[in-house]
Amino acid sequence: MSIDLRSDTVTLPSPAMREAMYQAELGDDVYGEDPTINRLQELAAERTGKEAALFVPSGTMGNAIATLVHAQRGRTVIAGDASHIYNYEAGGPSTLGGSPLRPVPNLSDGMLDLDKLRAELTDESDTHIAPAALVCIENTHNRCGGAVLNQSQIETIANLAHAQGVAVHIDGARIFNAAIALGVPVHELARPVDSLMFCLSKGLSAPVGSMLVGNKEFIRQATRVRKLLGGGMRQAGVLAAAGIIALEQMVERLAEDHKHCKQLAQGLADFPQIEVDPERVATNILIFQLRDSQQQPLTPAKTARFLQLAGKHGVLMGSMGEKAIRAVTHYGIEAEHITSAITGIRRALIDTDIE
């Protein structure tokens, strides 16, 4: 059996989730009559300290809805140049909403470059430039190795944006990982921003779904946009039941994933062919690179070959760009699996014949 570290999206629902899904009380959610959906939405709003919440099929749809509500056609959406919204969501703001998507550099810790952000917070005074409508930040930050933004960093960005009348949205696909890493309640991270999306289907291990939260007017508009995008589901309480278990039972255990990720990083740091810094591991995402005997990065072809061989040795991982490799710990991965993964990676390194 392979040890699957490609993503925390590969998790399977817990036994409690499966039982809850089987027993779920159902109704038509498009009419607002699914009691399990309603309970999940109330719980999500409560946990994040927002007025209301909306269940959506995916995190990408949740982010798309947020950009469509906050930004009007011809007004820019600002996002980090390494962000998921900018790189991996098919250009949603511009494709769906006619909003130019403007990148601002991400620093290595996931923070936005504040000087560049200030320059992009444009208003309507110059008719040549599309005014800014929304700033999107990511927490935890995927391409920055699961880096965490703390309350002070989020407040700094929010204060800059709000001073210019610009809204702020958090792509918080893994926001509960951030809260656990920081030792703070998630509502503290959500407090400075106008809206937040978080996934139930990653580390929280539900099979499907994400939540979008904000004030009541935002969620009212978001519900209409969800329908426009085809996200209005009927007896979706069968999915929401797993989401309730995710929020009630699966949050605190995220600390185990963080511990296992650190264990993996420390094990890989012993291999001279691997460039990795265990001290930078903050949550459940590890990004590392391979080096040759001259300490130069391996070519993309050899990196791809290593990943193929690691798979043959029972360890599945993903690429992050041409040369970086990503491994993600999650529910179902225990300490003994990490030990086995390190052994499999060692064998793959030998077979890759790194010179």
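Let's see how each residue does on (1) assigned to a helix (DSSP H, G or I); (2) surrounded by fewer than 15 Cβ atoms within 10 Å (Cβ to Cβ):
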{"residue": "Glu279", "(1), (2)": "yes, yes"}
{"residue": "Ala282", "(1), (2)": "no, no"}
{"residue": "Arg326", "(1), (2)": "no, no"}
{"residue": "Ala341", "(1), (2)": "yes, no"}
{"residue": "Gly344", "(1), (2)": "yes, no"}
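One residue stands out in region 148-164 among those that are surrounded by fewer than 19 Cβ atoms within 10 Å (Cβ to Cβ) and not polar (S, T, N, Q): the one that is farthest from the chain's Cα centre (by Cα), namely Ala163.
Residues that are at pLDDT 95 or above, under 20 Å from Gly92 (Cα atoms) and in a loop (DSSP other than H, G, I, E, B) occur in region 185-195; there is at least one.
Scanning region 286-317 for residues that are among the β-branched types (Val, Ile, Thr) and under 25 Å from Gln263 (Cβ atoms) returns Ile287, Thr303, Val315. Annotation: of all residues in region 95-111 being surrounded by 17 or more Cβ atoms within 10 Å (Cβ to Cβ) and of a type in the set (Gly, Ala, Ser), the one that is modelled with the lowest pLDDT is Gly97.
Applying a threshold of 9 Å to beta carbon distances and a minimum spacing of six or more residues, or different chains, the list of pairs starting in region 1-29 at a residue that is under 17 Å from Gly314 (Cα atoms) and ending at one that is acidic (Asp, Glu) and outside any helix (DSSP H, G or I) reads Val10/Asp4.
Residue by residue, here is whether (1) modelled with pLDDT of 95 or more; (2) hydrophobic (A, V, I, L, M, F, W, C); (3) farther than 22 Å from Pro272 by Cβ holds:
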{"position": "Ala304", "(1), (2), (3)": "no, yes, no"}
{"position": "Gly314", "(1), (2), (3)": "yes, no, yes"}
{"position": "Ala324", "(1), (2), (3)": "no, yes, no"}
{"position": "Ala327", "(1), (2), (3)": "yes, yes, no"}
{"position": "Tyr331", "(1), (2), (3)": "yes, no, yes"}
{"position": "Ala335", "(1), (2), (3)": "yes, yes, yes"}
{"position": "Ala341", "(1), (2), (3)": "yes, yes, no"}
{"position": "Gly344", "(1), (2), (3)": "yes, no, no"}
{"position": "Arg347", "(1), (2), (3)": "no, no, no"}
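Of the candidates Arg253, Arg224, Arg234, Arg220, the single residue that is out of contact with any Pro (no Cβ under 8 Å at 6 or more places or on another chain) and within 13 Å of Thr11 (Cβ to Cβ) is Arg253.
For region 72-94, a residue qualifies if it is of a type in the set (A, V, I, L, M) and either surrounded by 15 or more Cβ atoms within 10 Å (Cβ to Cβ) or touching a residue at least 40 places away in the same chain (Cβ under 8 Å) (or both), and the qualifying residues are Val77, Ile78, Ala79, Ala82, Ile85.
Taking region 30-56 as the range and being modelled with pLDDT under 95 and within 30 Å of Pro192 (Cβ to Cβ) as the test, only Gly32 passes. Only one entry in Lys227, Lys202 is of a type in the set (Lys, Arg) and within 20 Å of Gly32 (Cβ to Cβ), namely Lys227. Considering Gln266, Gln295, the condition of being more than 18 Å from the chain's Cα centre (by Cα) and either on the phi < 0 side of the Ramachandran plot or β-branched (Val, Ile, Thr) (or both) is satisfied by Gln266 alone. Of the residues making up region 89-147, those that are more than 20 Å from the chain's Cα centre (by Cα) and either on the phi > 0 side of the Ramachandran plot or not in a loop (DSSP other than H, G, I, E, B) (or both) number 14. Looking across Lys262, Lys227, one residue alone is without any contact (Cβ under 8 Å) to a residue 40 or more places away in the chain, assigned to a helix (DSSP H, G or I) and either in contact with a helix residue (DSSP H, G or I) (Cβ under 8 Å, 6 or more places away or on another chain) or not assigned by TED's automatic domain parsing to the domain that holds Ala335 (or both). It is Lys262.
The values are calculated or read from the model by the stated rules, or taken from the named source; none is laboratory data. Since the structure is predicted, the reported quantities are computational estimates derived from the model, not experimental observations. Counting neighbours? That spans all protein chains shown, and the Cβs are built from the backbone with ideal geometry, glycine included.
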